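The values are calculated or read from the model by the stated rules, or taken from the named source; none is laboratory data. Since we're looking at a predicted model, the values are computed, not measured. Please note: Cβ atoms are built from the backbone with ideal geometry, for glycine as well, and neighbour counts cover all protein chains shown. Surface areas here come from the heavy atoms of the whole protein model, side chains and all, with no ligands, DNA or RNA. Shrake-Rupley method; radii C 1.70, N 1.55, O 1.52, S 1.80 Å.
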Amino acid sequence: MDNNNVLASTQIVIEEALRKLGYGDDMIELLKEPMRVLTVRIPVRMDDGKTRVFIGYRAQHNDAVGPTKGGVRFHPDVNELEVKALSIWMSLKCGIADLPYGGGKGGIICDPRKMSFRELERLSRGYVRAISQIVGPNKDIPAPDVMTNAQIMAWMMDEYSRIREFDSPGFITGKPLVLGGSLGRESATAKGVAIMIHEAMAKQGISVAGARIVVQGFGNAGSYLAKFMHDAGAKVVGISDVHGALYNEQGLDIEHLMDRRDSFGMVTNLFQNTISNDELLTLDCDVLVPAAIENQITASNADRIRAKIIVEAANGPTTLEATRIVTDRGILLIPDVLASAGGVIVSYFEWVQNNQGYYWSEAEVDAKLREMMVRGFNNVYELHTLKKVDMRLAAYMVGVRKMAEAVRLRGWV
């Protein structure tokens, strides 16, 4: 993955969005990079008695609207440029959903698949100690991301509470229910994507019943999404993980696949007749959902995409050039900053519940999520048709507007 490219392409669209909204060079200069990025070195005593030093990051894009918010990923490929770009995308998601947050993002360079439970706990606690000065329920609120989960959030919350010497459930979201987590949080990203698919299909006049869906990636978002679409009467004809992809034009048995997958979303290694990820992306289908990693739909395969709608559940799966190609071909693209906002919306609900000490039912969470996702979709779609810009630029314009206004009103620019 060309991380430089991910940050640079984000900055190109941010600049275009701000210019279309009438802002000048000073606003562009401020918002094209995070306002602060902390790099930390975390010593961890491993099970063999040796100490390993891990490198971690926390980027805070802009806090003019309110505290920053965003996940922490544990992955061997984490680096500063990626974390910066992800923090900007979080700002845009919060702006589209109209949340009182700016964007933040964190990451640690590690491979959790090769670490023991105890090593992961020591690493999680060490990360919180290293960044504790710049985070908190009213400063910057972390959450789960790639290869992190509710257990890791629980350790992080406990460590922060020890440092601050009072219980701080609002410091982090995506926690287990018994520690102040919210009902509906684990499946929130997928629920939001499913809502976007329904809205996009309605705009294109496609019925959900019997519609052919292809999902690239079978982790948290991808597997839940496949289940929701299957339950809604659509046919999930293709899914994939890092080992390969499965295809069945009659529809796959999603319940069976979810039963068989491991904790990292791997399932295709159990099957003989697999296809490649590249073949999966170019299958004939109604909706293609890239729910894996960055830069999957590029200039080299965009002209072979046969979906009518692309809904980005992953961060940055379609390059700028590919966005232009698929839009010119009449494919409706629902960009990541809109489609995958469900996770941060329900994280916001969790933070609100922690702050007021009153917890909602899952039905309440789902109803509020639907309302906010549909409003965000309508705002972006209306701007896309009104200004005749592609959906990605429309989403960036909606997403950056609130933050730019907050910056202006505070007198920073």
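Using the alpha carbons of segment 124-220, what is the convex hull volume per residue in cubic angstrom, as a whole number? Mind showing how you got there, number by number?
Values: hull volume 12.5 nm³, N = 97.
So the per-residue hull volume is 129 Å³.
Report ³J(HN,Hα) in whole Hz for each residue of segment 375-381, in order, from the Karplus equation J = 6.51 cos²θ - 1.76 cosθ + 1.60 where θ = phi - 60°; Gly and Pro get x.
Going residue by residue, I get 4, x, 4, 5, 4, 5, 5 Hz, with x marking Gly and Pro.
Starting at the first residue of segment 71-85, write each ³J(HN,Hα) from the Karplus equation 6.51 cos²θ - 1.76 cosθ + 1.60 with θ = phi - 60°, in whole Hz, x for Gly and Pro.
x, 10, 10, 10, 7, x, 9, 4, 8, 4, 4, 4, 4, 4, 4
State whether segment 175-249 is rounded, prolate or oblate according to the following rule on the C-alpha gyration tensor (a ≥ b ≥ c being the square roots of its eigenvalues): a/c under 1.5 gives rounded; otherwise a/b larger than b/c gives prolate, and the remaining case gives oblate. Walk me through the numbers before you get to the answer.
Details: a/c = 2.76, a/b = 1.38, b/c = 2.00.
Oblate, since a/c reaches 1.5 and b/c is not below a/b.
Over the chain, what is the percentage of antiparallel beta bridges among all DSSP beta bridges, to the nearest 5?
Working: 21 of 49 bridges.
Among the beta bridges of the chain, antiparallel pairing accounts for roughly 45 percent.
Considering the zone a paramagnetic label at Glu80 would reach in this model (a point 7 Å from Cα along the Cα-to-Cβ line), which residues of segment 23-57 have amide N under 19 Å from it?
30-43, 53-57
Apply the Karplus curve 6.51 cos²θ - 1.76 cosθ + 1.60, θ = phi - 60°, to the phi angles in segment 397-410 and return the couplings in whole Hz, x for Gly and Pro.
5, 5, x, 8, 4, 4, 5, 4, 5, 4, 4, 5, 5, 6
Counting heavy atoms of the protein chains only and a 1.4 Å probe, report the per residue accessible area for the chain as a whole number of Å².
Details: 16550 Å² over 413 residues.
Accessible area per residue, the chain: 40 Å².
Tell me which trypsin sites (Lys or Arg not before Pro) from segment 1-60 have a DSSP coil assignment and no more than 12 other beta carbons within 10 Å of their own.
Working: sites: Arg19, Lys20, Lys32, Arg36, Arg41, Arg45, Lys50, Arg52, Arg58; in loops: Lys32, Lys50.
Those that pass, being in a loop and sparsely packed, are Lys50.
If the viscosity is 1.306 mPa s and the temperature 10 °C, what Stokes-Einstein diffusion coefficient in µm²/s follows for segment 169-317 when Rh is the Kirkwood radius over Cα pairs? Don't jump to the answer; show the numbers that get you there.
Values: Rh = 15.7 Å.
This corresponds to a translational diffusion coefficient of 101 µm²/s.
What does the charge add up to near Asn220, with Lys and Arg as +1, Asp and Glu as -1, over the other residues with Cβ less than 13 Å from its Cβ?
Spelling it out: positives minus negatives among the neighbours equals +1.
Quick one: net charge of Glu121's neighbours, Cβ under 12 Å, K/R +1, D/E -1?
Details: positive: Arg45, Arg118, Arg122, Arg125; negative: Asp47, Glu119, Asp158, Glu159.
Overall, the nearby charge balance is 0.
Ignoring ligands, DNA and RNA, how do Ile141, Ile109 rank by accessible area with a 1.4 Å probe, largest first? Don't skip to the end; give the middle numbers.
Working: Ile141 0, Ile109 55 Å².
Heavy-atom accessible area, descending, gives Ile109, Ile141.
Evaluate the distance, in nm, between pseudo-label points positioned 7 Å from the Cα of Arg45 and of His256 along their respective Cα→Cβ axes.
4.9 nm
Counting other Cβ atoms within 10 Å of each Cβ, which chymotrypsin sites (Phe, Trp or Tyr not before Pro) in segment 370-413 have at most 14 and sit in a DSSP loop? Mind dumping the intermediate values first?
Working: sites: Phe377, Tyr381, Tyr396, Trp412; in loops: Trp412.
Those that pass, being in a loop and sparsely packed, are Trp412.
Starting from the Cα of Lys114, draw a straight line to each of the lysines and keep only those under 30 Å, dropping any in the same chain fewer than 8 residues away.
Lys114 reaches Lys50, Lys69, Lys84, Lys105, Lys175, Lys227.
Report the relative contact order of segment 297-413, percent, no decimals, based on alpha-carbon pairs under 8 angstrom and at least 6 residues apart. Walk me through the intermediate numbers first.
Numbers: 95 pairs, mean separation 26.1, N = 117.
Relative contact order comes out at 22 percent.
Of the heavy-atom accessible surface of the chain (probe 1.4 angstrom), what whole percent is carbon and sulfur?
Working: 7970 of 16550 Å².
Looking at the chain in its full context, I get 48 percent from C and S.
For the chain, what relative contact order do you get, as a whole percent, if you take Cα pairs closer than 8 Å and at least 6 residues apart? Walk me through the intermediate numbers first.
Values: 864 pairs, mean separation 71.4, N = 413.
Normalised by residue count, the contact order of the chain is 17 percent.
Work the Kirkwood hydrodynamic radius out for segment 1-130: mean of 1/r over every pair of different alpha-carbon atoms, inverted, in Å. Working shown, then result.
On the way: mean 1/r = 0.0635 Å⁻¹.
Hydrodynamic radius (Kirkwood, Cα only) of segment 1-130 equals 15.8 Å.
Given the protein chains as shown and a 1.4 Å probe, how many square angstrom of Arg324 are accessible, to the nearest 10?
Ignoring ligands and nucleic acids, Arg324 comes out at about 120 Å².
What's the local net charge at Arg52, with K and R +1, D and E -1, over the other residues with C-beta under 15 Å away?
On the way: positive: Arg41, Arg45, Lys50, Lys114, Arg118, Arg122, Arg125; negative: Asp47, Asp48, Asp111, Glu119, Glu121.
Residues close to Arg52 contribute a combined charge of +2.
Using only the alpha-carbon atoms, what does segment 237-376 span along each of its principal axes? Please give whole angstrom values in decreasing order.
The Cα atoms of segment 237-376 stretch 50, 38, 24 Å along the principal axes, largest first.
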